[in-house]
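Nothing in this text is a laboratory measurement; each read-out follows from the coordinates by a stated rule. Source: prediction; values computed, not measured. Glycine gets a Cβ as well: all are built from the backbone with ideal geometry, and neighbour counts include every protein chain shown.
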Amino acid sequence: MESLTFEYQDGLPVPSARSAVIAGVVGSGNLEILVEAAGPEDRCTIQVLTAATGFGTIWQAVMDDFVARHRPGGVRLSINDVGATPAVVSLRLEQAWDAFKGGSA
C-alpha cells in the first residue's frame with residue numbers, strides 16, 4: 001500500500017448542503033472517494049491510499065487536472081484505491097464532486 005497526500009491552495013469555497021459524500025466502491029479494480037467539508041476555505045487536501053505503488057506522478061497529474069477544473073476549497077478528499085485506471089479515477093472524482101455540490105451520487 002502507498003499513501004500519497006496532495007495539498008492545494010487558492011481554492012474557492014464550495015457551498016454544499018452535505019457535510020460529506022461517498023462515491024464508488026472499493027473492490028474489483030475500483031475505488032471510493034469521500035469528499036468532506038474541511039477548512040480552511042481556500043484549501044483542498046487529497047489523501048490517496050492505493051494498492052498500486054509507484055504511480056505518484058500519475059496521481060499527481062490526475063489530481064492537478066481535477067483541481068485546475070474545479071478549484072475546490074474548504075474540502076478534504078479521501079481516496080481508497082485498488083488499482084483503478086486514471087480514467088476511472090477522473091470519473092469517480094467528477095461523480096463525488098457533483099454529489100457533494102448537491103447533484104446525484
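Find how much the distance from GLN9 to VAL88 grows on full extension, using 0.36 nm per residue of separation minus their present alpha carbon separation; answer in nm with one decimal. Mind dumping the intermediate values first?
Working: separation 79, 0.36 × 79 = 28.44 nm, distance 2.49 nm.
Extra length from GLN9 to VAL88 when fully extended: 25.9 nm.
Within 10 Å of each residue's Cβ, count the other Cβ atoms and sort ASP10, ASP81, ASP98 from fewest upward. Before the final figure, lay out the partial values.
Details: ASP10 10, ASP81 25, ASP98 15.
The most exposed by this proxy come first: ASP10, ASP98, ASP81.
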For Kirkwood radius over Cα pairs in Å, several values are listed as (i) 15.2; (ii) 14.1; (iii) 13.4; flag the one computed from this structure.
-> (iii)
Under 5 Å from the placed amide H of ASN30, counting only residues 5+ away or on other chains, we find VAL82
Cα axis of helix 86-100 to longest principal axis of the chain: angle in degrees, 0 to 90, nearest 10?
-> 30 degrees
Helix 56-70: angle to the longest alpha-carbon principal axis of the chain, degrees 0 to 90, nearest 10?
-> 30 degrees
Would you mind telling me the antiparallel percentage of the DSSP bridges in the chain, rounded to 5?
-> 70 percent
What list do you get for LEU31, LEU91 if you sort them by fewest beta carbons within 10 Å?
-> LEU91, LEU31
